[in-house]
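Here is the structure we will look at.
Rule-based calculations on the coordinates, nothing more; no lab input. Not measured: the values here are computed from a predicted model. Please note: Cβ atoms are built from the backbone with ideal geometry, for glycine as well, and neighbour counts cover all protein chains shown.
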Amino acid sequence: MSKVCSDGYRATYSKTHSKGYIERIIKEFYNTERIMSEVSTTSKQWGGYFVAIENDEVVGAGGGGMISGTSGEVFVLYLNPSRRNEGIGTKLLDAITKQQKEDYNATEQWVSVNKDNIKGIPFYEARGFVLQHEQHGYGNEVGESYISLRYCRPI
């Protein structure tokens, strides 16, 4: 899972973000220790990972959790870059959504997408997410001004 998330992150942001930013985020979120912890411990706030596997290889991974009593969020959704447009991302999103609706009674779902993410924005908009507002991107350091778009949809 670490590899698919890291490779997916690099493929998504390599043309819009500095290498330092990309590697900093990967080191924080997609390191082996964190993923092992997130696989073994779940809660309403972190529902765990859903994983797409083919021939013993992880080809996609996603996860989310609840951010309020009725609001779920997709925190991570990445695919092997060579496996885009095969429906894998939709299946992962459907699994996250089902968990949030059925297990946690979510009525809406949020996601943050970087303003320059030409892969993620059309994906989420095609699935009913509507732009709500912009905010400073997660992990910005001095001199960085990446913008995150907050999307929401009813579920």
Computed curve, region 81-147, Cα-only Debye sum without solvent term, log₁₀ I(q)/I(0) at 0.18, 0.27 Å⁻¹, is -0.85, -1.22
With +1 at each Lys and Arg Cβ and -1 at each Asp and Glu Cβ, the charge dipole magnitude of region 9-114 around its Cα centre, to the nearest 20 debye, comes out at 400 debye
Summing -39500 (n - 2.57) over every DSSP H run of at least 4 in the chain, dividing by its residue total and rounding to the nearest 500, the 222 nm mean residue ellipticity is -9500 deg cm²/dmol
For region 72-155, listing GluC sites (Glu not before Pro) in a DSSP loop whose Cβ sees at most 12 other Cβ atoms within 10 Å gives E141
Computed about the Cα centre, the charge dipole of region 52-113 from +1 Lys/Arg and -1 Asp/Glu charges at the Cβ has a magnitude in debye, to the nearest 20, of 140 debye
Given 20 °C, 1.002 mPa s and a Kirkwood radius over Cα pairs, the Stokes-Einstein diffusion coefficient of the chain in µm²/s is 135 µm²/s
For the D103, E144 Cβ pair and Förster radius 41 Å, calculated FRET efficiency rounded to 0.05 is 0.65
Given a Förster distance of 35 Å, the FRET efficiency implied by the Cβ-Cβ spacing of Q132 and S82, rounded to the nearest 0.05, works out to 0.65
Among I121, I53, S40, the residue whose Cα sits farthest towards the positive end of the charge dipole of region 39-155, when +1 is placed on the Cβ of each Lys and Arg and -1 on the Cβ of each Asp and Glu, is I121
